[in-house]
1. For the chain, which cysteines have no second Cys with its Cβ under 4.7 Å from theirs?
2. Please give the contour-minus-distance gain from residue 88 to residue 56: 0.36 nm per residue of separation, less the Cα-Cα distance, rounded to one decimal in nm.
3. Along the principal axes of its C-alpha atoms, what lengths does region 1-113 span, in descending order and rounded to whole Å?
4. Relative contact order for the chain: what is it in percent, counting Cα pairs under 8 Å that are at least 6 residues apart?
5. How much length is gained if the chain between residue 66 and residue 45 is pulled fully straight, taking 0.36 nm per residue apart and subtracting their Cα-Cα distance, in nm to one decimal?
6. Please identify the trypsin sites (Lys or Arg not before Pro) of region 13-90 that satisfy two criteria: DSSP loop assignment and at most 12 other Cβ atoms within 10 Å. Which are they?
7. Note down the magnitude of the dipole of the chain about its Cα centre, charges +1 on Lys and Arg C-beta and -1 on Asp and Glu C-beta and zero elsewhere, to the nearest 20 debye.
8. Consider all pairwise Cα distances in region 57-125 and report the whole-number % of them above 21 Å.
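Laboratory data are not the source of any read-out in this text; all were calculated from the coordinates shown. Source: prediction; values computed, not measured. Every residue, glycine as well, gets a Cβ built from its backbone with ideal geometry; the counts of neighbours run over all protein chains shown.
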Amino acid sequence: QVQLVESGGGLVQPGGSLRLSCAANGSIITMYTCDWYRQAPGKQREMVAHITGGGSATYARSVEGRFAISRDDARNMVYLQMNSLRPEDTAVYYCHADLSYYSETGERQVGYGHWGQGTQVTVSS
């Protein structure tokens, strides 16, 4: 069983910062590409940050220059540093990843499109 678990969300004032963490739990072999998505009430889920296995990152225009995605493969962790937060950044943030892992039977598996449960980020005065 592989599970992505996000943490680090909360309430922050405009201009503040938060650091989100995503832990890939299970018998992880390799994390491939990883992403952070967010979904605000009444809106579609949107990708805000993407990182390749080689560490190359790309961002949605709305967050570029303010957010930074990073990864720690030794700990099977993905992070999203969010600075200069704005009220429009308010959303549930989800971790998304492609990875390989050992199944319960000990077989090597490749899974695409794993999602975490989400963590709420609220930017408000």
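1. 34, each lacking another Cys Cβ under 4.7 Å.
2. Result for the pair: 9.0 nm of gain on full extension.
3. Principal-axis extents of the Cα atoms in region 1-113, largest first: 47, 28, 22 Å.
4. Contact order relative to length: 36 percent.
5. Fully extending the segment from residue 66 to residue 45 adds 5.6 nm.
6. For trypsin sites (Lys or Arg not before Pro) across region 13-90 that sit outside H, G, I, E and B with at most 12 neighbouring Cβ atoms in 10 Å, the list reads 43, 61, 75.
7. So the magnitude is around 300 debye.
8. Percentage above 21 Å: 38.
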